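This report refers to the structure that appears directly beneath it.
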Amino acid sequence: MKPAPRWTIYCHQHRESGRLYVGLTRLTMLKRWNRHVYSAMAVTKQNGRTHFANAIRKYGREAFSHEILEVCSDLEVANLAEECWIELLDTRNPEKGFNLMKGGEHVPHPV
């Protein structure tokens, strides 16, 4: 029997400024971080133009620390949790974070 998917709410923090980015993934937090870094470095019209990507390029991957905030067993709960964490930590406020969206709108990729 296959284990149920787990959804991870994570936070990346720019150490110097304290600014946070909250996200949701089905991957491990570090695999998702590597994808953030890859996307930031491979700037195209579709990706790499966010405050978070700009910060990764400017300060480098080593300037960030990482933390798992919560693990959820289903996507509906994870979406709600991501939205709550973004609001709680006020990461849409440019002085405190890098999030541009309110979160909670993740949809799984088609299989």
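Below is a table of values for the structure above.
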{"quantity": "Residue match in the range 16-28 (condition: open to solvent by 90 Å² or more (accessible area, probe 1.4 Å) and at pLDDT 95 or above)", "calculated": "yes"}
{"quantity": "Lone unmet requirement of (1) of a type in the set (A, V, I, L, M); (2) open to solvent by less than 20 Å² (accessible area, probe 1.4 Å); (3) touching a helix residue (DSSP H, G or I) at 6+ places or on another chain (Cβ under 6 Å); (4) within 13 Å of F98 (Cα to Cα) for A40", "calculated": "(4)"}
{"quantity": "Residues of the range 58-105 satisfying the condition of being open to solvent by 40 Å² or more (accessible area, probe 1.4 Å), of a type in the set (V, I, T) and either in a helix (DSSP H, G or I) or in contact with a Cys (Cβ under 7 Å, 6 or more places away or on another chain) (or both)", "calculated": "V77"}
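The values are calculated or read from the model by the stated rules, or taken from the named source; none is laboratory data. None of these values were measured; they are calculated from a predicted model. When we count neighbours, we look across all protein chains shown, and the Cβ atoms used for this are built from the backbone with ideal geometry, even at glycine. With ligands, DNA and RNA removed, areas are computed over all heavy atoms of the protein, side chains included. Shrake-Rupley method; radii C 1.70, N 1.55, O 1.52, S 1.80 Å.
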